[in-house]
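K.L.:
Below is the structure I would like to discuss, written out as structure tokens.
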Amino acid sequence: MNEGRCRLELDAIHQYILRMGALVEEAIHNADKALMTQDLALARKVVAGDDDIDQLEKVIEALCLELLALKRPLAGDLRAVTTALKVITDLERMGDHATNIAEVALKLGEAPLIKPLIDIPRLSSMALQMVHSSLDAFVRRDVELAEKVCRDDLPVDRLYFELYDVLLGFIMEGGDKIRAGQALSLLLVARFLERIADHATNIAERVGYLVYGDCNRVNQSGVKPTASAETK
Amino acid sequence: MLTPPPQPLSLEIKELTVRCRDGIRVKNVSLSVTAGGTLALMGPVNSGKSEILWAANGLLAEVPGMSITGQVLIDGIDNHNISVKELRHRVGLLIPVSLSRTPYSEVAVSLRSLSSPAQEVAAKVEWALRLVGLWKEVRDRLHQPYNHADPTLLRLLCLARTIARQPGLLLLDDPTRGLDSISRARFEDAVVRILAEGFATIIWGTREPDQAGRVAGQIAFLYNGELVESGSARCLFEFPRDPRTESFLTGDYRRLYALAGSEKRRSQP
């Protein structure tokens, strides 16, 4: 960060983004924990907490627009403020997905699960690690770490596809509506986690823009977020 | 012979160095603008913008105490090989100083040496006044003394005077200095219309990055007489390569001074 005319505002925006990132990480972690332990109170806490994340997004957006309108940032400052605007959108979506997972936990309630959850916690911890690293890379402008985040998206996609096959098997067995419903809900959870990892990849790609002025410099191998499991 | 109007002229400056008694004003600057293009020379005060513009139309050589090396090619021809008369005709430098009392004569004064028939002069004056957006305002009092204290009117009349002969190269040396933002917009709008007419290549010296971005496709950033960096306005404003450009654009003057200091030390033997 330079010592130019936008320094104070960009510092403030940065701090807010870190706070928003911390809330999102916490929401993902808690949503996953609520699902695993069938802790409905924790799930409700995640759902209620989404308002704070949305509120922070609005505050940061307002700060960015104010900076654009009043100080007309250029060069590194311009890249910092436009990147901030993109990053908060990704963070807000991640928060929504955490809420979606918590809602699934509430829907499943305390009914016994069709299978012990092994792959979903794995997927969750991989996605969470990517979110953490992408924010770290954003703060430190660490291109190498950002590139690692992009590479880490591949195993997440693979695991999601594996889960897709397993859960599809449950659904296709037929006969038991509750089992099929649970399998479908867990498939949605996997999908939400896979999307969270995609948003982390987006943030990592923006680090390339911050540092090199070019989004395509990071993730040159072209690992793109997967559109849907059906297209595999 | 330079290409006659209404063709725009290209400009190429090769290794231009300008020295005066107090030191070096321009250090080995090379840049080029294609015919019909716009280039903003952007830089703070004393960055060498005026010297480059004055060198382009040959005026700098007439300033006592200036030593100039390097080459200025207009339309591919070294400006030393172009007659002073032709240079003044085809290369217009806007000088925001009143030369006459009425709007009509302010513009017509530049057409005097062409010794055209009065009707033709009147047509050219009207064309120039329309192009700078003044015609409606002054047509009813063309031959009455105008208010010289109105800086916007004065500057637009001087612009009309400069373009009346359709110069192929139009040089503007910080032309909106001291104007308010709305007058500045009006002046910039006039220049955009001139550019759209296609008869002139425009070089615009400015201290304001905002203005450089608005008026020019290409920007050259000058600092302490040195060409630091040049490129498309978009690239330069979004991702400058040189830390001095970055510091200038973000207003980080402490870093700019520090970088300029270390540059100076490096260039000294």
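K.L.:
Is there a residue being farther than 30 Å from B:ARG19 by Cα and free of Cβ contacts under 8 Å to residues at least 24 places away in the same chain anywhere in the stretch B:199-206?
P.N.:
no
K.L.:
Sticking with this one: Condition (residue is β-branched (Val, Ile, Thr) and surrounded by 19 or more Cβ atoms within 10 Å (Cβ to Cβ)) applied to the stretch B:177-187: is it met by at least one residue?
P.N.:
Let us first name the residues in the stretch B:177-187 that are β-branched (Val, Ile, Thr), namely B:182.
If we keep only those that are surrounded by 19 or more Cβ atoms within 10 Å (Cβ to Cβ) too, we end up with none.
No, there is no match, as no residue in the stretch B:177-187 is β-branched (Val, Ile, Thr) and surrounded by 19 or more Cβ atoms within 10 Å (Cβ to Cβ).
K.L.:
Now a separate question. Which pairs have Cβ atoms under 8 Å, sit 6 or more apart or on different chains, and link a residue in the stretch B:229-248 that is at the interface with another protein chain (Cβ under 10 Å from one of its Cβ atoms) to one that is of a type in the set (Asp, Glu)?
P.N.:
If the second residue must be of a type in the set (Asp, Glu), the pairs left are B:LEU236/B:GLU229; B:PHE239/A:ASP214; B:PRO240/B:GLU229; B:PRO240/B:GLU246; B:ARG241/B:GLU229; B:THR245/B:GLU229; B:GLU246/B:ASP252.
K.L.:
Look at B:ARG255 and say whether it is within 14 Å of another protein chain (Cβ to nearest Cβ), surrounded by fewer than 20 Cβ atoms within 10 Å (Cβ to Cβ) and in contact with a Pro (Cβ under 8 Å, 6 or more places away or on another chain).
P.N.:
The answer is yes for B:ARG255.
K.L.:
So, restricting to strands (runs of 3 or more DSSP E) that lie completely within the stretch B:138-253, which ones have at least 1 residues that are within 20 Å of B:ARG88 (Cα to Cα) and modelled with pLDDT of 95 or more? Full working, then the answer.
P.N.:
Details: elements: B:169-173, B:201-206, B:218-223, B:226-232.
It comes to B:169-173, B:201-206.
The values are calculated or read from the model by the stated rules, or taken from the named source; none is laboratory data. Small disclaimer: the values here were computed from a predicted structure and weren't measured. We place every Cβ from the backbone using ideal geometry, glycine too, and count neighbours over all the protein chains shown.
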